[in-house]
Amino acid sequence: MLEFDARCRLGAFALDAAFGTDGALTALFGRSGSGKTTVLNLIAGLARPDSGRIAVGGRVLYDSLGGVALAAHRRRVGYVFQEGRLLPHLTVRQNLLYGSLFNRAQTRVVGFGQAVALLGLEALLERRPAALSGGEKQRVAIGRALLSNPEVLLLDEPLASLDTPRKAEILYYIERLRDEVRVPIVYVSHSLDEVVRLADSVVLLSAGKVLASGSVRDLMSRVELRPYLGRFEGGAVIEARVAGQDLESGLARLEFGGGALEIPDVEALVGEQVRIRVRARDVSIALARPSGLSIRNVLAGTVAELGEENGASLDVRLDLGGTPLIARITRKSAAELGLRPGVPVFALIKSVSIDRRSVGYA
């Protein structure tokens, strides 16, 4: 359990944020300047709040009322920055072992061999950082942080400087960390694709304050948060089970409480659980079930809520048998269709609008 409640002022920027989480991976999400990295620095002890309380697993790192302010090296926090910050004169093996120098506890989160295997570093151990790709450097940085035996692992936009193939590579290894290592992870990102794929819970920050926190599915289904999730990126998250794989067509059938979806390029076995992000801009609404069209996903539901928008478009939250879905349509279309809460509708989603970046693996 991570408990965070802190207030501080850094120049013109003021942070006043409080949240608690017990997820395996918690994402801090928000625009640049919202306070995400400041939160990490306060947890790590690289900055000090003016007041508040920070605790990990019941162990207090900072408490202004109790007079507790542990030094950074005593907090058992592993920190991975946007750039790996490896020691250039040391080999990968030596960089990894450098992390263990800061382990004062008798127990270990992971051993050296386990960290190497977990992050796929076997072939890199004798190389120096100059001979590594950006993705390889980040894997080594994560391994070094793990070998410091942390109680919490902080990842500050670790994919920000990587190209698309390297991002996909690192995402796979972070998923393994989340699932196989019993260390809570706090992950800073401004990419909804990363958040949906990785996070158990999300803390949405804006201008130094927590706007909302909770599960990925809950936050993505709240139409009032659209301005903070990005005009073109907002939508809903559906948790589903892989019910079938049609190898000939390349489509997977994903079943959930409100129906089923057919989408391409799902790299999961039948029976596995996945998360699908469906962008609001990719959802259309019809009053009657259409026929003779190429769209394969037609889902029955009802209108649950209409967002309050001043522009030409608005978000409509639909209820698909208990599963929320967001559609972004024009205000004129909403008026012509007579949309209001309780109206039965059909949601139309193109299969090809959901690519592999929009699929997370539980």
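Derivation of every value follows stated rules applied to the coordinates shown; laboratory data play no part. From a predicted model like this one, the values you see are computed outputs, not experimental measurements. Quick reminder, even Gly has a Cβ in these numbers, built from the backbone with ideal geometry, and neighbours come from all protein chains shown.
Can you give the net charge of the other residues whose Cβ lies under 9 Å from the Cβ of Ala312, counting K and R as +1 and D and E as -1? It would help to have the intermediate numbers written out before the result.
Details: positive: Arg331, Lys332; negative: Glu309.
Value of the local net charge: +1.
If you take the beta carbon distance between Ala69 and Arg31 as r and set R0 to 30 Å, what does 1/(1 + (r/R0)^6) give as a FRET efficiency, to the nearest 0.05?
0.50
For region 69-97, list residues with backbone N below 18 Å from a point placed 7 Å from the Cα of Arg127 toward its Cβ?
Inside the label zone: 83-97.
Leaving out same-chain residues fewer than 8 places away, which lysines sit with a Cα under 28 Å from that of Lys332?
In chain and number order, the partners are Lys350.
What is the chain's relative contact order, in percent, from Cα pairs under 8 angstrom and six or more apart in sequence?
16
Please compute the Cα-Cα pair-distance distribution of the chain with 20 Å bins starting at 0, giving whole percents from short to long.
28, 52, 20, 1
Whole percent per 5 Å bin, from 0 to the bin with the longest distance: what is P(r) over all C-alpha pairs of region 219-308?
So the P(r) values, bin by bin, are 3, 12, 20, 22, 19, 16, 7, 2, 0.
Using the 10 angstrom Cβ neighbour count as an exposure proxy, how do Lys332, Lys167, Lys209 rank, fewest first?
Values: Lys332 10, Lys167 21, Lys209 15.
Going from least to most buried by this count: Lys332, Lys209, Lys167.
So for the pair Arg59, Leu10, with labels modelled 7 Å out along Cα→Cβ, what separation do we get in nm?
Each label point is offset 7 Å from its Cα along the Cβ direction, giving 2.4 nm.
For Arg340, Arg241, what's the fewest-to-most ordering of other Cβ within 10 Å of each Cβ?
Fewest to most other Cβ atoms nearby, the residues stand as Arg340, Arg241.
I need to check one value: relative contact order of region 146-283, counting alpha carbon pairs closer than 8 Å and at least 6 residues apart, in percent.
Value for region 146-283: 17 percent.
Quick one: putting +1 on the C-beta of Lys and Arg, -1 on the C-beta of Asp and Glu, what dipole do you get for region 201-286 around its Cα centre, in Debye to the nearest 20?
Here region 201-286 has a charge dipole of around 600 debye.
Hey, what did region 143-223 get for relative contact order, percent, Cα under 8 Å, at least 6 apart? Please list the in-between numbers first.
Values: 65 pairs, mean separation 19.8, N = 81.
It rounds to 24 percent for region 143-223.
Quick check: the distance between the Cα centres of region 1-69 and region 308-362, to the nearest angstrom?
Comparing the Cα centres of region 1-69 and region 308-362, I get a distance of 35 Å.
With both bridge residues required to lie in region 2-220, what share of the DSSP beta bridges run antiparallel, to the nearest 5%?
Numbers: 27 of 44 bridges.
Beta bridges within region 2-220, antiparallel portion: roughly 60 percent.
With a/c under 1.5 counting as rounded, go ahead and sort region 116-204 into rounded, prolate or oblate using the C-alpha gyration tensor (a ≥ b ≥ c being the square roots of the eigenvalues; past the cut-off, prolate if a/b is larger than b/c, else oblate).
oblate
Test of the criteria: in region 164-246, which chymotrypsin sites (Phe, Trp or Tyr not before Pro) are in a DSSP loop and have at most 16 other Cβ atoms within 10 angstrom of their Cβ?
Loop-located and lightly packed - Phe232.
Taking the convex hull of the alpha carbon atoms in region 116-164, what volume per residue do you get, in Å³? Write down the numbers at each step before the final one.
On the way: hull volume 4.6 nm³, N = 49.
Measuring per residue, one finds 94 Å³ for the Cα hull of region 116-164.
How much length, in nm to one decimal, is gained on full extension between Ala243 and Ala286, taken as 0.36 nm per residue of separation minus their Cα-Cα distance? Please report the intermediate quantities before stating the final value.
Numbers: separation 43, 0.36 × 43 = 15.48 nm, distance 2.64 nm.
The Ala243-Ala286 span can extend by a further 12.8 nm.
Can you give the longest run of the chain that contains no GluC sites (Glu not before Pro) sitting in a DSSP loop with at most 12 other Cβ atoms inside 10 Å?
In the chain, the maximal stretch lacking such sites is 1-125.
Taking the Cα centre of region 2-220 as origin and charging only Cβ (+1 Lys, Arg; -1 Asp, Glu), how large is the dipole, in debye to the nearest 20?
Using Cβ point charges on Lys, Arg, Asp and Glu, region 2-220 gives about 600 debye.
Would you calculate a helix-derived [θ] at 222 nm for the chain, using -39,500 (n - 2.57) for each DSSP H run of n ≥ 4 and dividing by the full residue count, to the nearest 500?
The per-residue figure over the chain is -6000 deg cm²/dmol.
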